[in-house]
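Before any comments, here is the structure.
Please treat every number below as a calculation from the coordinates, not as lab data. Just so we're clear, the structure is a prediction, and the values are computed from it rather than from any experiment. As a convention, Cβ positions derive from the backbone with ideal geometry for all residues, glycine included, and neighbour counts pool all protein chains shown.
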Ligand SMILES: Cc1ncc(COP(=O)(O)O)c(C=O)c1O
């Protein structure tokens, strides 16, 4: 598994025309399943679980969750049993058709499918107690894997070789990755977060973990909300891959890079700005998204 990534400079006519330098930190290359921020978030949590003598990890996620896939795989790799509490009880009958859940199960994850109402209460004692009776003691990883240890791991995304950049961009789900990056920025660096979700609570959540005021959210590029896509976004991801050889995922990184280039086109960044975009992985989700896109008669992502 590679922990250090190179920053790949992107050559596109728009960037040259606007005198903007854009590089992508390819954290997706860490591992096909424990990729990008998932590796960073799991690292210190798995160490903590081992230290506490726990052999079971319980976590939460939706049907296409990168976090569920990464937890299953790394649990197997490091000798943990894994339990995934999955949003949507209807999935209990058809989860094998879902590539993310199938893959997680193939790596030993046991599922607990719950209704959306139950899922909302997933952190309450009344929800967790029966699970302890069923599965024994476990280490809890929150949804999306975000907690203090995950944020610490994400702060390791930024390294000395990144000190030259004026702006660091990342995609935002729970805000843990953004918080870690923001905590590690060099002087005069700004962090722009591109939410992939429509949420009024993100600012508050990020404030719990981000120790410095170096970040802001650009909320115009969620494409309708979590896992929502348009034909325009799919076409963009396919043409970006054809031009740069870099694959983007449709839920997070595709929306971020679309947003960055749209802002470049609108002169949001002054000439000579050096931008570093973090590729946080998520490529395992492409398979499941293509199944959905085919059903909707939309263009699919090239793989
Ligand atoms: C590929 C990918 N990028 C970005 C994010 C957003 O990370 P965070 O939840 O820390 O904001 C996620 C979700 O966790 C993800 O799976």
Ordering of 274-281, 172-179, 122-129 by packing [mean C-beta count within 10 Å, highest first]: 172-179, 274-281, 122-129
Simple spin-label estimate for residue 123 and residue 235 in nanometres, 7 Å along Cα-Cβ: 4.1 nm
Inter-site label distance for residue 93 and residue 50 at 7 Å from Cα along Cβ, in nm: 4.3 nm
Paramagnetic reach from residue 228 (point 7 Å along Cα→Cβ, amide N under 17 Å) across the stretch 205-219: 218-219
Prolate/oblate/rounded call for the stretch 37-145, Cα gyration tensor, a/c under 1.5 rounded: oblate
The stretch 56-73 versus the stretch 236-287: alpha-carbon centroid distance in Å: 25 Å
Packing-based ranking, highest mean first, of 208-220, 180-192 given that Cβ atoms within 10 Å are counted: 180-192, 208-220
Cα shape, the stretch 1-98, gyration tensor, a/c 1.5 rule: oblate
Spin-label model distance (nm) - residue 242 vs residue 300, 7 Å beyond Cα toward Cβ: 1.7 nm
Computed lengthening from residue 267 to residue 102, 0.36 nm per intervening residue step minus Cα-Cα distance: 55.0 nm
FRET efficiency, residue 9 to residue 78 (Cβ-Cβ, R0 51 Å, nearest 0.05): 0.90
Radius of gyration, Dmax [the chain; alpha carbons; angstrom]: 19.0, 62
